[in-house]
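The values are calculated or read from the model by the stated rules, or taken from the named source; none is laboratory data. Nothing here was measured: the structure is a model prediction, and the numbers come from that model. FYI the Cβ positions are ideal-geometry reconstructions off the backbone, even for glycines, and counts take in every protein chain you see.
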């Protein structure tokens, strides 16, 4: 009986691990005490406000990792209920210009590629996010990551997204 439970637990672990996929660029050391900026994420889904939700989760995860000076790029878009919000996502050049004016060191940008519950009886939450960090002085992308995660029918989408973004940022060396 104990042997059967161990096998079941091991199989469950493999299933849970198999529900997350992350690809990240090489580890890059970044300074937590430097000035950071973050822009609203592109929303490539049909879920309203998914870009804002992912941006806010990313902000919280970065702050939990020691980044305290985090400035939000101002958004002029007024698309609270719209699925497609034209001009909601700023260009990289616009964000970098804004960040240079504020003497920031890093800017975080991203996109939400999936943010929903699977259709069916189980209704598992699924999140897909991409993150990029740019060096403001050089304008170069210094780190990027893309990931997706699927939860169980008892998991919330925000929980799945937070775990995904936390795991994605794990490959970033924040000191």
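Every condition in (1) at pLDDT 95 or above; (2) over 15 Å from the mean Cα position of the chain (by Cα) holds for residue 127 except the one numbered (2). When 60, 51 are checked against the criterion of being in a helix (DSSP H, G or I) and modelled with pLDDT under 95, 51 stands alone in meeting it.
A single member of 129, 112, 95, 107 is touching a helix residue (DSSP H, G or I) at 6+ places or on another chain (Cβ under 6 Å) and either without any contact (Cβ under 8 Å) to a residue 24 or more places away in the chain or farther than 21 Å from residue 48 by Cα (or both), and it is 107.
Would you say residue 66 is under 21 Å from residue 34 (Cβ atoms) and either in a strand (DSSP E or B) or touching a residue at least 12 places away in the same chain (Cβ under 8 Å) (or both)? Yes; evaluated as a whole, the condition is true for this residue.
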